[in-house]
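Here the structure is laid out as structure tokens; the discussion comes afterwards.
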Amino acid sequence: MQYPNDETPTNPLRRQLMVAGMVAAAATALPLLVPTAHAATPPHLPTRKRNQNMNSIITKDGTEIFYKDWGEGQPIVFHHGWPLSSDDWDAQMLFFLHHGYRVIAHDRRGHGRSSQGSTGHDMDHYVADAAAVVEHLDLRDAIHVGHSTGGGEAARYVARHGAGRVAKLVLMNAVAPLMLKTASNPGGLPREVFDGLRDALANNRSQFYRDLASGPFYGFNRPGAKTIQGCVDNWWRQGMMGGAKAHYDGIKAFSETDFTEDLKSIDVPTLVMHGDDDQIVPLADSAPLSAKLLKHATLKIYPGYPHGMFAVHPDVINRDMLAFFRS
């Protein structure tokens with residue numbers, strides 16, 4: 001085969017350029033392949049400075065908490081459910097961003113893009129992490145919105161850290177006041193229910209998450225319901241981004257934490273939203289009880305709506321929240 005002169009493999013000029021290129025590449029790689037005493041990084045020091053190229057903070061116990069912060073205006077802080085991430089609020093964050101609000105959401109420790117430490121997966125740590133993000137951003141006159149586990153987190157945050165910073169609160173299909181059946185909460189769910197969740201997670205977390213999302217979470221297991229595959233896939237994606245240890249421990253956090261005293265102490269206007277076909281956090285032992293404990297509550301029940309109602313009915317849920325925010 002014939003080549004033009006400047007492309008012939010045996011052309012002297014081309015051969016010299018090729019050799020020069022290989023030498024330069026080797027010289028560049030050499031410090032990486034053969035570290036010297038001066039170039040070595042002590043093993044006890046981080047190899048990069050965190051919190052430089054992404055929105056995150058480092059808490060007092062060394063946990064990295066990822067957050068999103070979009071727009072300007074009155075801030076809305078979103079608290080996501082178990083075992084998901086701030087991505088679960090996409091439809092709400094975009095909606096309220098376009099209505100002139102500043103929208104913020106973080107990934108709970110062990111979830112999403114936050115670090116997966118082995119400890120601190122309890123409600124008090126969750127709330128302290130949320131408070132650290134709020135303080136880092138110096139958010140004031142903020143509206144806090146929490147779904148499911150995030151509803152409990154938001155309620156405790158407002159009760160313990162919200163003074164002077166919080167304007168309103170939304171509890172959506174929240175785990176408050178208490179999910180677990182006890183002597184003082186006879187309408188709660190038996191411990192065996194939560195033990196079953198732990199067993200399913202430990203045995204095959206991936207399949208468990210697919211089954212939960214394609215079934216009771218969005219009500220896709222109801223007769224005549226049409227599965228929205230994108231919701232199922234997104235739920236599974238978010239769940240698998242997080243850590244199994246954090247999610248396992250989180251079951252205890254959302255099922256056994258009693259928010260009764262937190263709810264009693266909250267004095268900001270609160271919208272309590274719940275679907276009456278919630279198969280994850282049953283209505284009877286949650287929203288109506290929370291509304292009675294709160295000083296300034298508005299209770300809104302959605303007939304036929306499932307636990308993940310804000311994802312499958314965002315037009316309705318967003319509209320009602322916007323009306324509450326503007327009221």
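Every read-out reported here was derived from the displayed coordinates using simple, explicitly stated rules and does not represent laboratory data. Just so it is clear, the model here is predicted, and its values are computed rather than measured. Don't worry about glycine lacking a Cβ; one is built from the backbone with ideal geometry, like all the others, and counts go over all protein chains shown.
Take the residue pairs Lys181/Lys226; Lys60/Lys168; Lys168/Lys264; Lys68/Lys252 and return only those whose Cα atoms are more than 22 Å apart.
Numbers: Lys181/Lys226 32 Å; Lys60/Lys168 28 Å; Lys168/Lys264 15 Å; Lys68/Lys252 27 Å.
From Lys181/Lys226; Lys60/Lys168; Lys168/Lys264; Lys68/Lys252, over 22 Å: Lys181/Lys226; Lys60/Lys168; Lys68/Lys252.
Any idea how far the Cα center of segment 68-115 sits from the one of segment 296-327, in Å?
Result: 17 Å between the Cα centres.
Remind me, relative contact order of segment 60-326 in percent, using alpha carbon pairs under 8 angstrom and six or more residues apart? Numbers along the way, then the final one.
Values: 549 pairs, mean separation 56.5, N = 267.
Across segment 60-326, relative contact order equals 21 percent.
Straight-line reach from Lys295: which aspartates and glutamates have a Cα under 13 Å away, not including same-chain ones fewer than 8 places off?
Glu261, Asp262, Asp267
Could you put Leu94, Leu171 in order, starting from the residue whose Cβ has the fewest other Cβ atoms within 10 Å?
Numbers: Leu94 14, Leu171 34.
Fewest-to-most ranking of Leu94, Leu171: Leu94, Leu171.
Order of Ser265, Ser114, Ser85 from fewest to most other C-beta atoms within 10 Å?
Details: Ser265 16, Ser114 26, Ser85 22.
Ranked by crowding around the Cβ, least crowded first: Ser265, Ser85, Ser114.
With an 8 Å cut-off on Cα pairs and a minimum separation of 6 or more residues, tell me the relative contact order of segment 53-178 in percent.
On the way: 258 pairs, mean separation 32.7, N = 126.
The value is 26 percent.
If amide H atoms are built 1.01 Å from N in the plane of the peptide, which residues on other chains or at least 5 residues away come under 5 Å of the amide H of Leu299?
Hits under the 5 Å cutoff: Val272.
Can you give the net charge of the other residues whose Cβ lies under 15 Å from the Cβ of Leu197, counting K and R as +1 and D and E as -1? All intermediate terms of the calculation are to be shown ahead of the outcome.
On the way: positive: Lys181, Arg191, Arg198, Arg205, Arg210, Lys245, Lys252; negative: Glu192, Asp195, Asp199, Asp211, Asp249, Glu256.
Its environment carries a net charge of +1.
Can you list residues from other chains, or at least 5 along the same chain, whose modelled amide H is less than 5 Å from the amide H of Asp278?
The list, which skips near neighbours in sequence, is Leu283.
Express in nm, to one decimal, how much length is gained between Ala167 and Arg198 on full extension, taking 0.36 nm for each residue of separation and deducting their alpha carbon distance.
Length gained between Ala167 and Arg198: 7.5 nm.
Given H placed 1.01 Å from N in the peptide plane, which residues other than close sequence neighbours of Val145 have an amide H under 5 Å from its amide H?
Under 5 Å from the amide H of Val145: Val77, Phe78, His79, Val170.
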